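Asker: Here it is: the structure, laid out below.
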Amino acid sequence: MAYFVLKFVPHRPDFPADLSAAESSVMNEHFAYWQKCLQDRIAVVYGPVGDPGGVWGLAVVEVGTLADAHALRDRDPVVVGDLGVTEVYPMLNALVR
């Protein structure tokens, strides 16, 4: 197993402060998706990052391959709903408690 960082960058800097009803629905699906990943012990941690330049989302996942990490990304409702872009990075060395 290996660890990967997924970084969700929304398409606009004021996201999520001004969500439309449709975007709010997608975000609820996104939350449920990552809750399931936590329950299934795939996600190690996930949540929004309070960057002064604009909020972005972070997930650290433990999966077998980079392709598995990409598959997780591709099924995320925020990716499917085109609310932003999710970048995937392998962790070169992860120390885990």
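Asker: Just give me the residues in region 1-34 being hydrophobic (A, V, I, L, M, F, W, C), within 22 Å of Gly53 (Cα to Cα), open to solvent by less than 30 Å² (accessible area, probe 1.4 Å) and modelled with pLDDT of 95 or more, in sequence order.
Answerer: Once the filter is applied, which keeps residues that are hydrophobic (A, V, I, L, M, F, W, C), within 22 Å of Gly53 (Cα to Cα), open to solvent by less than 30 Å² (accessible area, probe 1.4 Å) and modelled with pLDDT of 95 or more, region 1-34 yields Leu6, Phe8.
Asker: Next question. Listed residues Lys36, Lys7; which is within 10 Å of the chain's Cα centre (by Cα) and charged (D, E, K, R)?
Answerer: Unique residue meeting the criteria: Lys7.
Asker: Could you give me the residue pairs with C-beta distances under 7 Å whose first residue belongs to region 62-87 and is closer than 14 Å to Glu29 by Cα and in contact (Cβ under 8 Å) with a residue 40 or more places away in the chain, whose second residue is open to solvent by 70 Å² or more (accessible area, probe 1.4 Å) and part of a loop (DSSP other than H, G, I, E, B) wherever it lies, and which are 6+ apart or on separate chains?
Answerer: That search, which allows pairs on different chains as well, returns Leu83/His11.
Asker: Could I ask something else about it? Given (1) over 17 Å from Phe15 (Cα atoms); (2) modelled with pLDDT of 95 or more; (3) over 11 Å from the mean Cα position of the chain (by Cα), where does Val45 come up short, assuming only one miss?
Answerer: Here Val45 clears every test but (3).
Asker: Within region 63-97, how many residues turn out to be open to solvent by less than 50 Å² (accessible area, probe 1.4 Å), closer than 14 Å to Ala43 by Cβ, aliphatic (A, V, I, L, M) and at pLDDT 95 or above?
Answerer: Qualifying residue count for the region: 5.
Asker: Among what's in region 49-60 and is surrounded by 13 or more Cβ atoms within 10 Å (Cβ to Cβ) and under 19 Å from Met27 (Cβ atoms), pick the residue that is farthest from the chain's Cα centre (by Cα).
Answerer: By that ranking, first place goes to Gly54.
Asker: Please go through region 35-44 and give me each residue that is β-branched (Val, Ile, Thr) and open to solvent by less than 70 Å² (accessible area, probe 1.4 Å), ordered by number.
Answerer: To start, the set of residues in region 35-44 that are β-branched (Val, Ile, Thr) comprises 42, 44.
Residue satisfying the conditions is Ile42 alone.
The values are calculated or read from the model by the stated rules, or taken from the named source; none is laboratory data. Predicted model, so just to flag it, every value in this text is computed and none were measured. Cβ coordinates were reconstructed from backbone atoms using ideal geometry, including for glycine residues, and neighbour counts include every protein chain displayed. We work out accessible area using only protein heavy atoms, side chains counted, and drop any ligands, DNA or RNA first. Shrake-Rupley method; radii C 1.70, N 1.55, O 1.52, S 1.80 Å.
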